[in-house]
1. Hey, among V93, V64, which residue is surrounded by fewer than 19 Cβ atoms within 10 Å (Cβ to Cβ), touching a helix residue (DSSP H, G or I) at 6+ places or on another chain (Cβ under 8 Å) and among the β-branched types (V, I, T)?
2. Return the residue satisfying two criteria in turn: it lies in the stretch 208-225 and is open to solvent by 20 Å² or more (accessible area, probe 1.4 Å) and in a loop (DSSP other than H, G, I, E, B), and of such residues it is modelled with the highest pLDDT.
3. What pairs come out if I take residues in the stretch 32-43 that are crowded, with 22+ Cβ neighbours inside 10 Å and pair them with residues that are part of a helix (DSSP H, G or I) and of a type in the set (K, R) whose C-beta lies under 8 Å away, six or more apart or interchain?
4. Out of the stretch 160-178, which residues are open to solvent by less than 30 Å² (accessible area, probe 1.4 Å) and either without any contact (Cβ under 8 Å) to a residue 60 or more places away in the chain or in a helix (DSSP H, G or I) (or both)?
5. Looking at (1) open to solvent by less than 20 Å² (accessible area, probe 1.4 Å); (2) charged (D, E, K, R); (3) assigned to a loop (DSSP other than H, G, I, E, B), which is the only condition E140 fails?
6. Within the stretch 261-282, is even one residue among the β-branched types (V, I, T), at pLDDT 95 or above and in a helix (DSSP H, G or I)?
7. Pairs only if they're at least six apart or on different chains, beta carbon under 9 angstrom, first in the stretch 139-150 and without any contact (Cβ under 8 Å) to a residue 24 or more places away in the chain, second open to solvent by less than 20 Å² (accessible area, probe 1.4 Å) and β-branched (V, I, T); list them, first residue then second.
8. Please specify each residue of the stretch 112-124 satisfying the condition of being open to solvent by less than 20 Å² (accessible area, probe 1.4 Å) and assigned to a helix (DSSP H, G or I).
Amino acid sequence: MTTANTSPAPLGETLATHYSTRVALVSPPRTGSTPVARLLWQHPLITHHCHEPFEAVYWGSAGVESVERNLVNPMDVATGERGPLPVDGGLLVKEMSFQLDDDRFRFLAEVATAPVVFVVRDPRLSTTSRLRVVRELYDEGTFEPWESGWDALGKQVRACRDHGIDYVVLDSDDLRADPEGVSAALVAALGLPGATGLHRWSARSGLRLVAPEVGALMGTRRAEDDPFYRRVLASEGVQPPEEPDWIEEGELIEAAGLSEHVAEWRALHADLLADPRRLRGEAR
């Protein structure tokens with residue numbers, strides 16, 4: 001699917017009419033992008049959230065109409081309900097990097113009124129976190145390397161660098177180490193008015209980010225109790241950093257046959273940590 005098939009001009013114009021603020025958040029799975037989204041929900045200018053509008057197209061047989069349906073029926077952050085477009089609101093679109101081809105990514109980047117936010121995390125941790133969820137959902141010991149999202153992310157960052165698309169990099173470990181500072185840096189980078197206390201929120205365990213019919217594409221258990229978002233929806237703010245057992249993490253990765261891939265993803269992660277567009281708080 002390409003953006004030509006999604007009629008981007010009319011759809012983009014519709015979104016621009018109803019949302020004066022539009023933020024695109026792109027990341028590999030299990031890197032902490034949902035806590036970043038929750039943080040942005042706390043900002044008064046972000047009123048609506050569109051969760052992975054390309055997911056049903058990637059995982060199932062849904063057509064481009066599902067993308068349009070998701071984008072024009074986003075979740076009201078305050079109520080959790082999906083409904084008609086607001087007169088004037090702020091839209092956050094969160095998407096997984098591997099669910100975006102070149103045209104889909106370019107579409108999101110062009111719709112956004114702010115730099116694209118790439119959320120990253122040590123690939124060893126994102127890999128083992130996904131392995132644990134895959135085991136719970138499907139009783140499987142590994143996943144296809146491209147579903148790590150890292151290869152797609154590298155391509156998207158290069159596209160931004162090559163074509164002058166504005167972006168920022170947010171490492172979730174930086175956020176966890178300095179939630180106030182990195183939150184402030186993110187808000188400033190997005191051109192939003194300053195706001196305090198964004199890294200604290202109320203638990204919303206009953207919220208369903210993924211529509212049941214979309215979650216069912218990855219198994220009925222995900223439609224009923226989605227382990228991808230269980231912990232973050234039950235949380236009450238950005239969590240402090242933890243010290244991983246790197247030996248155990250390495251053993252999990254090796255058992256899954258992903259060691260060589262993770263080494264490549266770690267090189268990309270190191271490159272992003274050195275990027276001058278990486279967000280840092282005052283403590284850093």
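1. Details: V93 fails: surrounded by fewer than 19 Cβ atoms within 10 Å (Cβ to Cβ).
Only one candidate passes the filter, namely V64.
2. Top of the filtered list is R208.
3. Filtered contacts from the stretch 32-43: G32/R176.
4. Taking the stretch 160-178 first, the residues open to solvent by less than 30 Å² (accessible area, probe 1.4 Å) are 160, 165, 167-172, 174-175, 178.
Correct list: C160, I165, S172, D174, L175.
5. It is condition (1) that E140 fails.
6. First, the residues of the stretch 261-282 that are among the β-branched types (V, I, T): 262.
Then drop every residue that is not at pLDDT 95 or above, which leaves 262.
Applying the additional criterion that residues be in a helix (DSSP H, G or I) yields 262.
Yes, because at least one residue in the stretch 261-282 is among the β-branched types (V, I, T), at pLDDT 95 or above and in a helix (DSSP H, G or I).
7. E140/V134
8. Passing the criteria: only P123.
The values are calculated or read from the model by the stated rules, or taken from the named source; none is laboratory data. All values reported here derive from a predicted model rather than from experimental measurement. All Cβ positions, glycine included, derive from the backbone under ideal geometry; neighbour counts span all protein chains shown. These accessible areas exclude ligands, DNA and RNA; they are computed on the full protein's heavy atoms, side chains included. Shrake-Rupley method; radii C 1.70, N 1.55, O 1.52, S 1.80 Å.
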